[in-house]
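Engineer: Would you mind keeping the following structure in view while I ask a few things?
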Amino acid sequence: MSEKEIKGTIEEVFSYSARHPARLLEEYRAAGQKAVGILPYYAPEELVYAAGMAPLGLWGMEGSVRGAGRYFPAFYCAIARMNLEMALVGVLDGLSAVLAPSICDAMRPFTQNFKSARPDIPMIFLAQPQNRTEEFGVVYMTDELARVREELEAVAGTRITDDAIRDAIAVYNESRAERRRFVRLAASHPSVITPERRSDVLKSAWFMPKPRHTAVLKTLNDAIEALAPENWTGGKVVVSGILADSASLLSVFQDNRLAIVADDVANESRSFRSDMPLPEKDEAPLRILARGFAGQGADSLLHDPDLSRRARHLKGLVEESGAQGVVFVMMQFCDPEELDYPHLKQALDAVGIPNAQIGYDQQMRDFGQARTQLEAFSEMLADRGRRDCSAASSTGR
Amino acid sequence: MGFSGDSDSNAKAQADAGAMVGANTSAIDGANDDVTTKPAKVVLREIVDAVYEQAWDAKKRGEPVGWSSSKFPAEIAEALGLAVVYPENQAAAVAAKHGGRRLCEYAEALGYSNDICAYARISLAVSDGAPAEERPVPPPDFLLCCNNICNCMTKWYENIARRHDIPLIMIDVPYNNTVDIPASRVAYVSAQFEAAIKKLETLFGRVWDPARFAEVCANANRTASAWLRACGYCAMKPSPLSGFDLFNHMADVVTARCKPETSRALEQLADEYEQAVKEGVSTWRRDETWRIMFEGIPCWPELQALLRPLKEHGANTVAVVYAPAFGFQYGDMDGMIRAYCRAPNSVCIEAGTEWRAALCRENSVDGILVHYNRSCKPWSGYMLEMERRWRKELGIPVVGFDGDQADPRNFAEEQYRTRVEGLVELMRANSVTRENGAPL
C-alpha cells in the first residue's frame, strides 16, 4: 500500500466512521442488529458484543448545549452535557439501550438525568469499585457484571453465553493490540499519520464492528510499517487528557508541526493500553473482565494506592516514545483531571520535561488561545532541540 | 403570625455560624447565658472546639492525628481512640470567617483550577502549609477518605497523602441507582470496613475492641435520634428555630457524632425547642409569613447576605436536607453500612427527591430555594430535574440561585436577592390560588 493508498484507506474507512457514527447506527439497524451506547468510562463493551449487539461509544459531540441546559448547570463536564444533548435531540433514538458507568462526579448525575430525560431508552447502570484490586473488589465487580449481563440479555432478547464472552474478550484483546501497534507506528510516521488521521483511526474503533476495525487496521499497520522511516523535523509530544479528538484542536497541533507520538487520553490509549488478562484455571469470563478492570490504572478516574503511578506512566510514555514534551488537554470542569494536574506538572518539571496545559470544551469555537499556547510551546521545543544539538556538538558527541 | 420582640442581628447569625465551625464562644448573647446551664448551642460549639483541641493535644503527645471526610464511618476512629479532624468542617469554618478566598487563591497558585470544589482548595492550601487561623488544625499523620459524598474527595485526599507521604485509608461507596442498596454492594463496603480497621490497627498498634465499638455505635445512634428529634421541631408552625441553626449544629453531627456529650447536647437542644414552642419563642426572630426549604450547602462566606432578604420577606427556612442525611440510625453492622451508602450525593434521584419532598410535606413548606453550588457538581448536577419533580409532586414554587459553599467570588448578592423576591412572589401567587380553591 502506497502512502497515497494509506491516506485513502484512512479517509474512506476510519475517518468516515469516526465522523459519521449516526450513519453506522443506521447501518446496524438496517441490518437488523441492535445497538447499545457505551458511556465513559471502562464500560464492559465485550458483553454488548457477546450479546450480538453493536456497541457505539458516546463521548459527546461538538456543538451548543440547548436542551441539556435544562438538566445540567453551566459549570459541568462537556461529555455529560453533550451526551444528554444528543439524547434530547434524537441522535440516540436508534439505540436499544445505553450502558452507563458512574465512576466520576459528572457521570453520577448524568445517569439520573438520562433516565429522567429518555425513559424510553433502557439505561443499564454500572457502579464500578475504586478499591478494585483486592479480592473483595473483584468479587463485587463480578457481581455488577452479572447484573449488567442479565440486563443486556433482556435488551438483546437472547442469552449471553460464557463462550460468547470468551470470544468477545479475544476479539477485543486483538483490537487493543492492533491499536497499540498503530500508536507506535503513527509515532514514527507523523507526516503521513497526522494528528487528525491518528485521531480518526482510534476514534472509529468506538463505532465500527471490532473485527472489521481490527482487520482493516492490521492491513494499514502493515502498510505503515513498510514505509521508509521519516525524518521528522517538527516537535514530538505526548497528549494527556479526557478527549483530544476535535478537528479544530488537532489542526492547531498540525499547523505547529507537533506530532502526537503517544497519548494518555481517555478515549484513546487509556481504553486499550492493557488487555483483559488470561484466564486462571476454569475462571468464569465475568471474573476475567473484573480482573481486567482491576488491572487498569494510571488514570485520573481510578483511585490507585500507588499515588505516583500516573506520573511515572506519563514520564515513561515520554521516554518510550521519544517525545520532547507533554501537552495536557484539560477538559473544563473535569475535577479528576484538574486535581491530578499540579502533581503531574511538578513531576514533569522535576525531570525537565517541558509541558503545557490548554483548556478544552466541546462547545469551544475559538481555539485562538490554544493556538497561541501551542505556537509558543512548539517554538520552545525547537529552541531546546537546537540548544541540545549545539551542546552535543560542542562536547564532541 | 410569627415571633417578635427578640433582637437579632445579621452579624450574630454570621458569628454563630462561624463559631460552629471555628470560632470561640464569645459571640453568645441572650438571657440563657448561664454558666451552670449553658444553652445547648454553646455546649455544641464547645464540643466541636474540643474535637480540635483534643487533636492538638494528641499531636503534642506524639500521637497520630487523622484528617477525615465528613461521612467516613467515624465509629471506626472513635472505637480505636484515634484523634481525627474534619477538613470539610475546617473549610466551612474558614469560609464563614471570610478566609475562603485567601486560601482558594493560595491553592490556585499551586496549580489547582478554580473549577475545583472550594472546600478542597482550602484544604489543599492548608495541607501545603498555608496559615488558617480561623480554625487551625494539626498536620495529618493519616487520612480517612470515603467517597460516598463525592469522588472529588478521593482526588483531594490523594493529593494530601502524596504531599505528606502518609497512609490513605480509602472506603469506596459506589453510587446507587436504586433506592435499595444491593447486597453485593453492602458486602463490598463491609469488606472495606474490615480492611480499614485492620490497616489502622497495624499502623498505630491499636486493638479492635468489639465492646467499645458497640458503645460508640450506641452513642452515634443516640446522637442521630436526638438530631432527628431536634430537626423535627421545624415542622411546628411557627417553627421554634431557623434551618440555618441546623446548618450550624450539623458540625457536631459531623465531627463528634460518636461522643456521648454530643448526644446529651443535642437532646438538650431538642428540649430547648420543646420549651420554645411552649413559650412561643423562636431563634427566627422575624415573621414566619413563608416557610421555605433551603436546598444545598449554604454559602458560608455570605450568611448575612443569604439571610437578609429572607428576613425582610418573613421567609423562615424550615427544611434542610441535612436532617435526614446525617440522622441515620442502624441496628447492626449491615444497617450501618447501608446508612453510609445513603449520603446526599450517593442516592438516586428518586430517593433524593423523596427525602426532600417528605421534608417539605412534613414541615409545611411553601417554596424551595435551590443553591446551585459551583463547588459541588454531584449535588448540583441533578437539581434541575429535582426542581421539576418537586413542582409536580408538591405544587409549590422552586427558584434557584448561583453560589458557592466557600468561594465568595462565585456569589452575586443582587442575583440572590432578585431570586428570593421571585420566590416570594410565586409563593404569594400560589397561596392565592390555593385559597381560591383552584387546582395547583
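Engineer: Taking the options B:113, B:127, B:123, B:68, name whichever one is in contact with a Pro (Cβ under 6 Å, 6 or more places away or on another chain), among the polar types (S, T, N, Q) and at pLDDT 95 or above.
Structural biologist: B:123 is the lone residue from the list that is in contact with a Pro (Cβ under 6 Å, 6 or more places away or on another chain), among the polar types (S, T, N, Q) and at pLDDT 95 or above.
Engineer: Next question. Answer with yes or no whether residue B:341 is away from every other protein chain (no Cβ under 14 Å), under 19 Å from the mean Cα position of the chain (by Cα) and closer than 30 Å to residue B:229 by Cβ.
Structural biologist: In short, no.
Engineer: Just the residues that are in contact (Cβ under 8 Å) with a residue 60 or more places away in the chain and either in a loop (DSSP other than H, G, I, E, B) or at the interface with another protein chain (Cβ under 7 Å from one of its Cβ atoms) (or both), please, taken from region B:157-173.
Structural biologist: The one that is in contact (Cβ under 8 Å) with a residue 60 or more places away in the chain and either in a loop (DSSP other than H, G, I, E, B) or at the interface with another protein chain (Cβ under 7 Å from one of its Cβ atoms) (or both): B:173.
Engineer: Given the conditions (1) facing chain B (nearest Cβ under 9 Å); (2) closer than 27 Å to residue A:295 by Cβ; (3) aromatic (Phe, Trp, Tyr); (4) open to solvent by 10 Å² or more (accessible area, probe 1.4 Å), which single one is not true for residue A:110?
Structural biologist: (4)
Engineer: Being acidic (Asp, Glu), open to solvent by 10 Å² or more (accessible area, probe 1.4 Å), under 30 Å from residue B:374 (Cα atoms) and more than 14 Å from chain B (Cβ to nearest Cβ) narrows it down to one of A:366, A:275, A:304, so name that one.
Structural biologist: A:366
Engineer: Test of understanding: among A:84, A:99, which residue is of a type outside the set (Phe, Trp, Tyr) and outside any strand (DSSP E or B)?
Structural biologist: None of the others qualify; the one that does is A:84.
Engineer: Which is within 8 Å of chain B (Cβ to nearest Cβ) and surrounded by fewer than 20 Cβ atoms within 10 Å (Cβ to Cβ), of A:143, A:93, A:120, A:163?
Structural biologist: It is A:143.
Engineer: Please verify whether residue A:81 is touching a helix residue (DSSP H, G or I) at 6+ places or on another chain (Cβ under 7 Å), at pLDDT 95 or above, open to solvent by 10 Å² or more (accessible area, probe 1.4 Å) and farther than 16 Å from residue A:208 by Cα, treating the condition exactly as stated.
Structural biologist: Judged against the criteria, residue A:81 is a match.
Engineer: Looking at region A:197-222, which of the residues that are under 11 Å from the mean Cα position of the chain (by Cα) and either open to solvent by less than 10 Å² (accessible area, probe 1.4 Å) or of a type in the set (A, V, I, L, M) (or both) is farthest from residue A:36 (Cα to Cα)?
Structural biologist: Applying the filter and picking the extreme gives A:199.
Engineer: Right, next: Applying the selection to region B:382-440, what residues are modelled with pLDDT under 95 and over 21 Å from residue B:360 (Cβ atoms)?
Structural biologist: B:436, B:437
Engineer: When you check residue A:357 against the structure, is it open to solvent by 60 Å² or more (accessible area, probe 1.4 Å), at pLDDT 95 or above and within 22 Å of residue A:76 (Cβ to Cβ), yes or no?
Structural biologist: yes
Engineer: For region B:401-427, name all the residues that are assigned to a helix (DSSP H, G or I) and of a type in the set (Gly, Ala, Ser).
Structural biologist: Matches in region B:401-427: B:422 only.
Engineer: Identify all residues within region A:1-54 that are of a type in the set (Val, Ile, Thr) and over 25 Å from residue A:106 (Cβ atoms); write none if there are none.
Structural biologist: Selection gives A:6, A:9, A:10, A:13.
Engineer: OK, next. Which of the residues belonging to region A:16-64 are open to solvent by 20 Å² or more (accessible area, probe 1.4 Å), among the hydroxyl-bearing types (Ser, Thr, Tyr) and either closer than 26 Å to residue A:300 by Cα or in contact with a Ser or Thr (Cβ under 9 Å, 6 or more places away or on another chain) (or both)?
Structural biologist: Correct list: A:16, A:42.
Engineer: Related question: Exactly one condition in (1) away from every other protein chain (no Cβ under 14 Å); (2) surrounded by fewer than 21 Cβ atoms within 10 Å (Cβ to Cβ) is false for residue B:265; which is it?
Structural biologist: (2)
Engineer: State all residues of region A:381-390 that are among the hydrophobic types (A, V, I, L, M, F, W, C) and more than 28 Å from the chain's Cα centre (by Cα); if no residue qualifies, say none.
Structural biologist: A:382, A:389
Engineer: Looking only at region A:307-329, which residues are in contact (Cβ under 8 Å) with a residue 60 or more places away in the chain, open to solvent by 10 Å² or more (accessible area, probe 1.4 Å) and not in a loop (DSSP other than H, G, I, E, B)?
Structural biologist: The answer is A:317, A:318, A:321.
For every residue, the table says whether it meets (1) touching a Ser or Thr at 6+ places or on another chain (Cβ under 9 Å); (2) among the hydrophobic types (A, V, I, L, M, F, W, C); (3) over 20 Å from residue B:367 (Cα atoms).
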site: B:293; (1), (2), (3): yes, yes, no
site: B:301; (1), (2), (3): no, no, yes
site: B:318; (1), (2), (3): yes, yes, no
site: B:327; (1), (2), (3): yes, no, yes
site: B:332; (1), (2), (3): no, no, yes
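The values are calculated or read from the model by the stated rules, or taken from the named source; none is laboratory data. Note that this is a predicted model, so its numbers are computed, not measured. Cβ atoms come from the backbone with ideal geometry, glycine included; neighbour counts cover every protein chain shown. These accessible areas exclude ligands, DNA and RNA; they are computed on the full protein's heavy atoms, side chains included. Shrake-Rupley method; radii C 1.70, N 1.55, O 1.52, S 1.80 Å.
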